[in-house]
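Participant: Please read through the structure below; I'll follow up with questions.
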Amino acid sequence: MSRNFERQQRRTFDRNNYDGKVNWNRTSANQIWGKYSRMNADVSNLWKLGYEGGGNGNTVVQQATFGTTWTLSPTMVADATYGISWMNQEVTGADFDLGNYGTDVLGIPGTNGGSFGRNDPRYAGMPHFEGFPLGSGFSPLGNNDNWAPAFRDEKTYALAGNLTKLHGSHQFRVGFSVNRLRLDHWQPELGAGPRGRFDFNGNVTALRGGAQTANIYNQYAALLLGLPNQVQQAIQYEVMTGREWQHGIYAQDRWQLNNKTTLNLGLRYELYPLMTREGRGIETLDLDTFDVLLGGVGGNPTDLNIKTSKTLFAPRAGLVYRINEETVFRTGYGLTYNPLPFSRPLRGFYPLTINGNFVAPSEYQAITTLEQGIPEVVVPDLSSGRVRLPNNYDMRFPESDVSRGHIHSWNVAIERRLPWDLSLDTAYVGTAGRDGFADLDINASDTPGGGTASRPFFAATGGRAIALNSWGPRTKTDYHSLQMALNRPFKNGLLIKGAYTLSRSKNMTDEDGWASLLWNAPSQYDRNYALAGYDRPHVFQMAFVYELPYRTSDPGNPVLKAILGDWQVNGIYSAFSGTPFTITANSPEINMPGNQQTADQVGDYREIGEKGSAGLFFDPASFAQPQGVRFGDTGRNQFRGPGVWNLDLSVF
């Protein structure tokens, strides 16, 4: 089988931008302005392999901003801005015009929203059949874009003001900011999405035990037999809404101590009240009763006693010292709090978006058949403000304390002027982030070989066999780097800009907010902290602009001037290391749900060096499936992919 499919497709992308601005010089000391911007972006014909269809993405973004600057005195200036931005977006998949393909054409019960979505055209399309492993070279059947369709309406209101005062060698500055965030989404993206999903892991048709584990042929056989080990279906029971406030005030002093030394000192205070829904508070889970509690409903407090920090003071300090006419020393430190809008990760789990997630009790069993379909998703009665969480429904809930995490940033730098109009800037830059937001599956097994029955809440809930995601501050990140920049301003026909970074980035997960961990069991938790997925130890860039020393206006040979006159050569060279990756494994013997299995390394890691369809980048013979009830001996992001270099040259 070869990758030889070609198709001519007419896909359109139209974007129109409109901008207008009005300035009013009310007096010589006061200026007032207003600006309006609008972008219309439309994409059509979002075709996918396997079926004909349309699919469209229509986005409208509008911004209206008003501002003023007022010179109150020769040493005092005030400025303020108020802005509104809103986005409306509608995206439908390529199979949207096919109607309820799962129920009406394939005849599979429970797909396309089941009974709940039968009369709602937004559940249209083809279910997702995952019968082949990632990296097998085969595409899934059906529509695997669980995020679509999407109907989004978002608004942001922002007000900010500043007052600047000059006094002697000081420049004082104080200010405030207030943001109001509103989100309204119809997008049942959890798990399978609105059309339904069937997963075939292959163990159903494989031997239990022995050296050979389930492979692609076992998965394909399970697909042909219609024996999935997991099925899912998501519905949008309530429109996902988010309402948030973000407040900040600050004071800053730029102090010119003398003609060599400048000191910057600042302090910022931030306040992030807990987000709410439209008309009520958010939700959480009572782990004693396994009831979902709705804030502000049925006598529940609006905030459900969820704690947020009210002591977010962030100091910043910077120093610039001119050692001599050729050398400048700089250093700085700042504390920043995580400004993540909670409406993104908490916008909609149960009961707003309800994803029925049905998993077989054993890796070697099927949960249903295609003929039986997906069990109906049962919708709850929310009037009491308390509703039992069904065992087969996905849930992410905020913990009792969701105080913001923080990031420490620091740097030390020396800039030196060199001969030939060059300057070299050498710096150490570091950051340390703590208490980033992520899920922890508190229903993950910590018993090797224990299976579903060893999940902590399996017995207490009467059989919950899927994850239970407790969301809160828990991750850490660290970054250390040596950064160098070589620059030459455009002078005598030559400009040079170069930069090199030697760095190391480590974290527990690459995302913040909507993030999960590979290992959730307490005994395996520390394995998450490893190289970041975006870590690139070496990054080098060099650019130049060079004008040939000939001008058509100069005296001299007219033929030479005509050939070489007024030409310019430009170039950019970039080279950077590859990013790390994890080698996973399929070893059902570990049978420890909620934790990732990795491969055993049985030989030296050997790079072959091919890329893409040309062949293998590394030798897979160096790795093997772990045998027995244990984890593999390789870790997260232990190996690194190929680096990249690029050279662009132009002459004109």
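The values are calculated or read from the model by the stated rules, or taken from the named source; none is laboratory data. Computed from a prediction, not measured in an experiment: that's the story for all the values here. Every residue, glycine among them, receives a Cβ derived from its backbone with ideal geometry; neighbour counts consider all protein chains shown. Surface areas here come from the heavy atoms of the whole protein model, side chains and all, with no ligands, DNA or RNA. Shrake-Rupley method; radii C 1.70, N 1.55, O 1.52, S 1.80 Å.
Participant: Which members of the range 453-467 meet the condition of being touching a Phe, Trp or Tyr at 6+ places or on another chain (Cβ under 6 Å) and of a type in the set (Ser, Thr, Tyr)?
Facilitator: First, pick out the residues of the range 453-467 that are touching a Phe, Trp or Tyr at 6+ places or on another chain (Cβ under 6 Å): 461, 464.
Scanning the range 453-467 gives a single hit, Thr461.
Residue-wise test of (1) open to solvent by less than 60 Å² (accessible area, probe 1.4 Å); (2) over 30 Å from Val231 (Cβ atoms).
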residue: Asp79; (1), (2): yes, yes
residue: Asn100; (1), (2): yes, no
residue: Thr111; (1), (2): yes, no
residue: Asn146; (1), (2): yes, no
residue: Asn162; (1), (2): yes, yes
residue: Gln171; (1), (2): no, yes
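Participant: Which ones in the range 377-389 are touching a residue at least 40 places away in the same chain (Cβ under 8 Å), open to solvent by 40 Å² or more (accessible area, probe 1.4 Å) and closer than 23 Å to Arg455 by Cβ?
Facilitator: Taking the range 377-389 as the starting set, the residues that turn out to be touching a residue at least 40 places away in the same chain (Cβ under 8 Å) are 377, 379-380, 382-389.
Narrowing further to those that are open to solvent by 40 Å² or more (accessible area, probe 1.4 Å): 379, 383-384, 386, 388.
Matches in the range 377-389: Arg388 only.
Participant: How do the pairs read when you match residues in the range 600-618 that are within 17 Å of Gly635 (Cα to Cα) with residues anywhere that are among the hydrophobic types (A, V, I, L, M, F, W, C) and exposed (fewer than 13 other Cβ atoms within 10 Å of the Cβ), using Cβ under 7 Å and keeping only pairs 6 or more apart or on different chains?
Facilitator: Gly603/Ala621; Phe618/Ile608
Participant: Out of all the residues in the range 586-630, which are within 25 Å of the chain's Cα centre (by Cα), open to solvent by less than 50 Å² (accessible area, probe 1.4 Å) and not β-branched (Val, Ile, Thr)?
Facilitator: Pro593, Gly594, Asn595, Gln597
Participant: Given the residues Asp435, Asp401, which is the only one that is at pLDDT 95 or above, among the acidic types (Asp, Glu) and exposed (fewer than 14 other Cβ atoms within 10 Å of the Cβ)? Quick ask: steps written out before the conclusion?
Facilitator: Working: Asp435 fails: exposed (fewer than 14 other Cβ atoms within 10 Å of the Cβ).
When all the criteria are applied, what remains is Asp401.
Participant: Still on this structure, I have one more. Looking only at the range 83-98, how many residues end up being among the aliphatic types (A, V, I, L, M), open to solvent by 30 Å² or more (accessible area, probe 1.4 Å) and in a strand (DSSP E or B)?
Facilitator: Residues in the range 83-98 being among the aliphatic types (A, V, I, L, M), open to solvent by 30 Å² or more (accessible area, probe 1.4 Å) and in a strand (DSSP E or B): 2 in total.
Participant: I want to confirm something. Restricting to the range 336-376 and keeping residues that are surrounded by fewer than 20 Cβ atoms within 10 Å (Cβ to Cβ), hydroxyl-bearing (Ser, Thr, Tyr) and under 14 Å from Leu227 (Cα atoms), which single residue is modelled with the highest pLDDT?
Facilitator: Here the residue is Thr369.
Participant: Considering (1) open to solvent by 20 Å² or more (accessible area, probe 1.4 Å); (2) on the phi > 0 side of the Ramachandran plot, say which one Gly196 fails and leave the rest.
Facilitator: Gly196 satisfies every listed condition except (1).
Participant: If Gly513 satisfies all but one of (1) open to solvent by 20 Å² or more (accessible area, probe 1.4 Å); (2) modelled with pLDDT under 95, what's the number of the condition it fails?
Facilitator: Among (1) open to solvent by 20 Å² or more (accessible area, probe 1.4 Å); (2) modelled with pLDDT under 95, Gly513 violates only (1).
Participant: If you don't mind, there's one more thing I want to ask. Suppose we keep only residues that are more than 17 Å from Ser85 (Cα to Cα), of a type outside the set (A, V, I, L, M) and outside any loop (DSSP other than H, G, I, E, B) within the range 34-47. Which one would you say is most open to solvent (accessible area, probe 1.4 Å)?
Facilitator: Of all residues in the range 34-47, those more than 17 Å from Ser85 (Cα to Cα) come to 42-47.
With the extra rule that they be of a type outside the set (A, V, I, L, M), the set shrinks to 42, 44-45, 47.
Then keep just the ones that are outside any loop (DSSP other than H, G, I, E, B); that gives 42, 44.
Details: Asp42: 62, Ser44: 31 Å².
Among those that are more than 17 Å from Ser85 (Cα to Cα), of a type outside the set (A, V, I, L, M) and outside any loop (DSSP other than H, G, I, E, B), it is Asp42.
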